[in-house]
Amino acid sequence: MRERGACAAVVVFGLLGPCRADLILDDFETSTLGVLPDNWNDFATLVPGGGGPFPSTVTIDTTGPDGQPTRAAQIVRAVSTSQGIHADLTPADRITMSLDARVDAFDDETVVVRSWPLAFGFFQQTGAAIDPNRLPQAVVAIDTSTRRWLLYVQRSENQADNVLFFLSATRVVEGQWYHASIDVDALSGQIRSLVTDASGAVIIDSTRTIPQWKPQWARYDIAAAFDGEYGVNSTLGNLTTLDNIAITPAPGAMAMGLSVLCLGRRRR
Ligand SMILES: [Ca+2]
């Protein structure tokens, strides 16, 4: 088994208490089964009247990327544009989020609408309580229709001010674990997207600078991992499992935190 840096039974929601943290490391090992994972907010609550199930994500026991039992977070299978987990952040000039993800099932859409079984990354709240899907954001996602990884960035409050890049021709396989990360330089708009399979083989290592970047709309204060469907086209939602989430305002801080926490421990 390779080690990737995240650790067994590590839950760090530091510096400012649950649901607002400058460093988050969570392998869900201590979360309570069947309910929203400890310390996280429900992404569905960001959309008043959004109709999503509550909780929209629950803790489960499953088999991890290493083939061993693990406790993880699973986004409930339902048709809704906003299901998952999120945490509030203090905006930083550079921020990274990584996780293990497994698409257990894609939705059954019959019309191409660009649903996603997983998107993860960062959002900037603009003051109004609106659908986070319409907020300034930078996320790595999986597209249901093509089953390919993509990078999506909304550069301002205007939802039309967005760019989308498919990152690889490789299709995501149901039931297989992947490790993925997004690393955003919020000042310059340079974003690195990285995806490996469970063996550690690199599928995507993409660094690009987003054109017409607007750093004032990259003061990200929400980190999230979520799925979404547009209901008229599917009756069964996507089903996705998450584990070993790490969110850090800078790679240096992440390396330091992990080196302290991982001594003598292994990821589950
Ligand atoms: Ca785990």
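Taking label points 7 Å from Cα along the Cα-to-Cβ direction, GLN68 and PHE54 give a separation of 3.7 nm.
Between beta-carbons, use under 15 Å as the cut-off and find the net charge around THR81, counting Lys and Arg +1, Asp and Glu -1. Here the count lands on -4.
Rounded to the nearest 20 Debye, what is the dipole magnitude of region 11-261 about its Cα centre when Lys and Arg each give +1 and Asp and Glu each give -1 at the C-beta?
So the magnitude is around 620 debye.
Taking a ≥ b ≥ c as the square roots of the eigenvalues of the Cα gyration tensor of region 11-261, is the shape rounded (a/c under 1.5), prolate (a/b larger than b/c) or oblate? It is rounded, given that a/c, with a ≥ b ≥ c, falls under 1.5.
The numbers here are math on the coordinates, done by the rules we state, and not lab data. Note that the structure is predicted; figures quoted are calculated from it, not measured. Neighbour counts run over all protein chains shown; Cβ positions are idealised from the backbone, glycine included.
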